[in-house]
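Derivation of every value follows stated rules applied to the coordinates shown; laboratory data play no part. Computed from a predicted structure; not experimentally measured. Virtual Cβ from ideal backbone geometry, glycine too; neighbours counted across all protein chains shown.
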Amino acid sequence: MTVAVGDVDLSDAASHGRLFELLRTLRPCLTRPESDRFLAEGSRQGLRCVAALGPQGEMAAVALYRILSTSRGRIVFLDDLVTRPDVRSHGVGAALLHEVEARGRRAGCERIELDSGTANEGAHRFYERHGMSVIALHLGKDLE
């Protein structure tokens, strides 16, 4: 599938609806208010968004990422990479991953990192095909 890759302005509320529909494919329990809050607050924290647009300008996939300075060096952290189910396995996700990697290189990042749910084996295979490997465990605990 041929796509155009472009930035999505997270300060534009109109973009939030299109992003929400894609994000729900990855996180079905996500509500629109939660999505809007995440995008607005994330944007203030440096969250960036790049989308793959299909022939009619529709969002085929989206990548949300941040450039971070960490004790491990400067990294590009991929918060989410979501591809519409009907265009998976057509190179769209790979195109976005490569774009985020290129942006990270231009920003002086040494590596790309992400978290992936333990049950999302399809995503694990995708990232491993693209040269990524498990380098850490991400542990979590709900704060009540």
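For the stretch 44-107, the pair-distance distribution built from all alpha carbon pairs, in bins 5 Å wide starting at 0, is 4, 18, 27, 22, 14, 9, 4, 2, 0 percent. In loop segments of the stretch 56-124 as defined by DSSP, the GluC sites (Glu not before Pro) with at most 16 further C-beta atoms inside 10 Å of their C-beta are Glu58, Glu110.
Each residue of the stretch 82-91 was assigned a 3J(HN,Hα) from its phi angle through the Karplus curve 6.51 cos²θ - 1.76 cosθ + 1.60 (θ = phi - 60°); the sequence is 10, 10, 4, x, 6, 10, 5, 6, 10, x Hz, with glycine and proline shown as x. Compute log10 of I(q)/I(0) for the chain with the Debye formula, placing one identical point scatterer on every Cα and leaving out solvent, at q = 0.13, 0.16, 0.18 Å⁻¹, to two decimals. Once normalised to I(0) and log-transformed, intensities are -0.58, -0.91, -1.18.
Note on Arg66 and Ala40: the model spin-label points, each 7 Å out from Cα along the C-beta direction, lie 1.8 nm apart. Our note on the geometry: Cα centres of the stretch 46-88 and the stretch 4-41, 11 Å apart. Subtracting the Cα-Cα distance of Ala119 and Asp9 from their residue separation scaled by 0.36 nm leaves 36.5 nm.
Computed from point charges on the beta carbon alone (+1 for Lys and Arg, -1 for Asp and Glu), the dipole magnitude for the chain about its Cα centre is near 320 Debye. Diffusion of the stretch 12-80 by Stokes-Einstein, at 25 °C in a medium of 0.890 mPa s and with Rh set to the Kirkwood radius over alpha-carbon pairs, works out to 189 µm²/s. For the stretch 82-144, taking the reciprocal of the average inverse distance between every pair of different Cα atoms yields a Kirkwood hydrodynamic radius of 13.6 Å.
The distance between label points at His138 and Leu26 comes to 0.9 nm (points 7 Å beyond Cα on the Cα→Cβ vector).
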